[in-house]
1. Could you check the spin-label model distance between residue 29 and residue 74? Points 7 Å from the Cα along Cα→Cβ, value in nm.
2. For the chain, what does the helix formula give at 222 nm: sum of -39500 (n - 2.57) over DSSP H segments with n ≥ 4, over the residue count, nearest 500 deg cm²/dmol?
3. Please work out which option in (i) 106; (ii) 220; (iii) 273 gives volume of the Cα convex hull per residue in Å³ calculated from these coordinates, and answer with its label.
4. Could you work out how much longer the chain between residue 62 and residue 13 gets when fully extended? Use 0.36 nm per residue separation minus the Cα distance between them, nm to one decimal.
């Protein structure tokens, strides 16, 4: 629910992280130096991390036959005319 309310922000953060945004580096004398912070790899990692919350995980299902035994498969092969 928290993620659903923040989808617009999450989208913007991914784009800014991948494409770049202006960051400020502060020097010890107080001087501010703007620079472009760009990290497409980090944006991809963020997307994969967030996908775990949105995409349902695959379930592993074990099939068993009668009484918990092996599954019995019967195939019938017919010749066509």
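1. 9.1 nm
2. Values: 3 runs with 32 residues, N = 81.
My calculation for the chain gives -12000 deg cm²/dmol from helical runs alone.
3. Of the listed options (i) 106; (ii) 220; (iii) 273, (iii) comes from this structure.
4. Values: separation 49, 0.36 × 49 = 17.64 nm, distance 4.03 nm.
So the chain would gain 13.6 nm between residue 62 and residue 13.
Taken together, the values in this text are just the output of simple stated rules run on the coordinates, not laboratory data. This one's a predicted model, so the numbers in the text were calculated from it and none came from an experiment. Every residue, glycine as well, gets a Cβ built from its backbone with ideal geometry; the counts of neighbours run over all protein chains shown.
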